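Coordinate-derived values only; no laboratory data. On a predicted model such as this, the values are computed, not experimentally measured, just so you know. Every residue, glycine among them, receives a Cβ derived from its backbone with ideal geometry; neighbour counts consider all protein chains shown.
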Amino acid sequence: MTEIERVAEAVEPPSGDGFSRRALLGWTGGALVVGAAAAGGVATAVTGSEDKSSTPTPGAVDFHGVNQAGIATPVQDRLHFCVFDVITDDRAKLVRMLQQWTAAAAAMTAGKQIGTGADSGVPESPPDDTGEAVGLPPNNLTLTVGFGPTLFTKDGRDRFGIAAKKPEALTELPAFPGDKLDPQRSGGDIAVQACSDDPQVAVHAIRNLARIGFGVVSVRWSQLGFGKTSSTTPEAMTPRNLFGFKDGTRNIAGTETDRLREHVWVPAGEGPAWMTGGSYLVARRIRMHIETWDRTSLQEQEDVIGRNKGVGAPQGATGEHDVVPLKALPEKSHVRLSHPDTNNGATILRRGYSFVDGSDGLGRLEAGLFFLAYQRDPRKGFIPIQQRLASNDAMNEYIQHVGSALFACPGGVRGADDYWGKALFA
Ligand code: HEM
């Protein structure tokens, strides 16, 4: 057995999931693998020439496409969201890392191990893959990248020569009434949203990207999420948030191509070319005072939301998906105030998750909603809606926004020679 075959055998998954040794050799580029592993390189040998004859991995969402996966694709059960700061001024190093990240992301979303895998057969160097997802299917893993305002200019400096390519839509979010933002859970240069139906797969993905980025980026903040609070698949049962209400009833569905085009995807000619097919992501960590909520009457809860708690019907209607009779809802109810008809048509695609990060030392659960919203332009989406909600929403008695960030998520990775940020750094 040759060295290459030995390495290939070591990373071949145990189950017959269509991932052949031939596919691995084609995918990693053979001899490069051994060289990289021997040099202790991190995933440097991971390139994108996948074997087209291999059958698709079950539970794999296509990584390549015009738009990034993880936005309009079906929402998975679990989230690991991570924001990085770039700690080098070396543009070439950053670009190299983005190339390595892209190759690793393509592998992981396809259910493959990174580079020479967890058991590389090279005892002298750390394995290319940390290993905790070995044997697990990707469970619809998606990895979505976004660039924050500080990647373009930080403290007045254009560290990477890309300041001129900063989109106007990548503005600083204004301060909203009631905000109590923790700077250590806000902002950041690069975000990666990992979603999967298996938390271990999502965590594995973020962990490995952080490992690959060692010396180039450092983790600024991160958030785990466990219960989706939105839906892009209206035919599926609408999930519930920690207030116990159905959440995501009136969202943009992944199949609504016209609405996605109008409200989510950035069209050609709008802003810099590298954002064509992309979208803007607003992330807000919203603490929910669930102990107070739990002592609130059912009537008050329903008046705050503007929908009933059982089937999730709007007040004044009977079915969950009935047209919202806006005037029948209390004036300060959340649904009335956030509805597009109240906000000159402003519409966002929500993709948030619940979180419970232990307790706060005062006997209260550190719980809330990690709100994620995608849109074509935050100045026409999140900002006007939140301006109205922050001043008027009856829900404000029960929530507080404690973290905030905005990212420009480029269009999708088109093929094997494309990578996250290629058009931006071109
Ligand atoms: C902890 C905070 C929040 C909770 C618990 C919450 C909960 C809900 C619930 C239960 C619904 C009704 C079901 C549905 O149509 O999805 C809803 C709708 C909605 N929410 Fe929120 N939400 C929160 C924060 C926000 C924020 C910050 C925004 C945007 C700035 C927002 C925007 C919307 C929109 C646009 C709708 C749909 C309105 C419609 O078209 O009828 N929500 N939310």
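Rounded, prolate or oblate: pick one for region 294-382, where a ≥ b ≥ c are the square roots of the eigenvalues of its C-alpha gyration tensor, a/c under 1.5 means rounded, and failing that, prolate if a/b is larger than b/c, else oblate.
Details: a/c = 2.27, a/b = 1.20, b/c = 1.90.
It is oblate, given that a/c is not under 1.5 and a/b is not larger than b/c.
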Open item on the list: From the Cα trace of region 88-152, what convex hull volume per residue do you get, rounded to a whole Å³?
Closed with: 111 Å³
Task: Out-of-range pairs (alpha-carbon distance over 32 Å; input Lys166/Lys246; Lys165/Lys246; Lys154/Lys180; Lys246/Lys380; Lys180/Lys309; Lys166/Lys332) - done: Lys166/Lys246; Lys165/Lys246; Lys166/Lys332
TODO: Could you tell me whether region 58-118 comes out rounded, prolate or oblate from its Cα gyration tensor? Rule is a ≥ b ≥ c as square roots of the eigenvalues, rounded for a/c under 1.5, then prolate if a/b exceeds b/c, otherwise oblate.
DONE: prolate
Task: Residue-count net charge about Thr73 - beta-carbon cut-off 11 Å; Lys, Arg +1, Asp, Glu -1 - done: 0
Task: Relative counts (whole %) of C-alpha pair distances in the chain, using bins that are 20 Å wide - done: 26, 54, 19, 1
TODO: Can you grab the distance from the C-alpha centre of region 235-305 to the C-alpha centre of region 357-426, Å, no decimals?
DONE: 10 Å
Task: Debye, to nearest 20: dipole size of the chain, +1 on Lys, Arg Cβ, -1 on Asp, Glu Cβ - done: 880 debye
- [ ] Please list the non-local residues whose amide H lies under 5 Å from the amide H of Asp393, H modeled 1.01 Å from N, same-chain partners needing a gap of 5 or more.
- [x] none
Task: For Ala317, distant residues with modelled amide H under 5 Å away - done: none
TODO: Net charge near Thr171: determine it from the other residues with C-beta under 13 Å of the C-beta of Thr171, scoring Lys and Arg +1 and Asp and Glu -1.
DONE: 0
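If each DSSP helix of 4+ residues adds -39,500 (n - 2.57) and the sum is divided by the residues in the chain, what number results at 222 nm, nearest 500 deg cm²/dmol?
Values: 12 runs with 102 residues, N = 426.
Counting only the DSSP helices, I get -6500 deg cm²/dmol.
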Open item on the list: Can you bin every Cα-Cα distance in region 61-211 into 10 Å intervals starting at zero and give me the percent of pairs per bin, rounded to whole numbers?
Closed with: 10, 34, 33, 19, 4, 0
- [ ] Could I have the simple spin-label model distance between Gln400 and Asp89, label points 7 Å from Cα toward Cβ, reported in nm to one decimal?
- [x] 3.9 nm
Task: Gyration tensor (alpha-carbon) shape descriptor, region 183-328, a/c threshold 1.5 - done: oblate
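Can you figure out the FRET efficiency of Ala210 with Asp182, using R₀ = 25 Å and their beta-carbon distance, to the nearest 0.05? All intermediate terms of the calculation are to be shown ahead of the outcome.
Numbers: r = 21 Å, r/R0 = 0.83.
Between Ala210 and Asp182 the formula returns 0.75.
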- [ ] Identify which of Ala408, Ala202, Ala92 has the largest mean-square fluctuation in a Gaussian network model of the chain, with springs joining Cα atoms closer than 10 Å.
- [x] Ala92
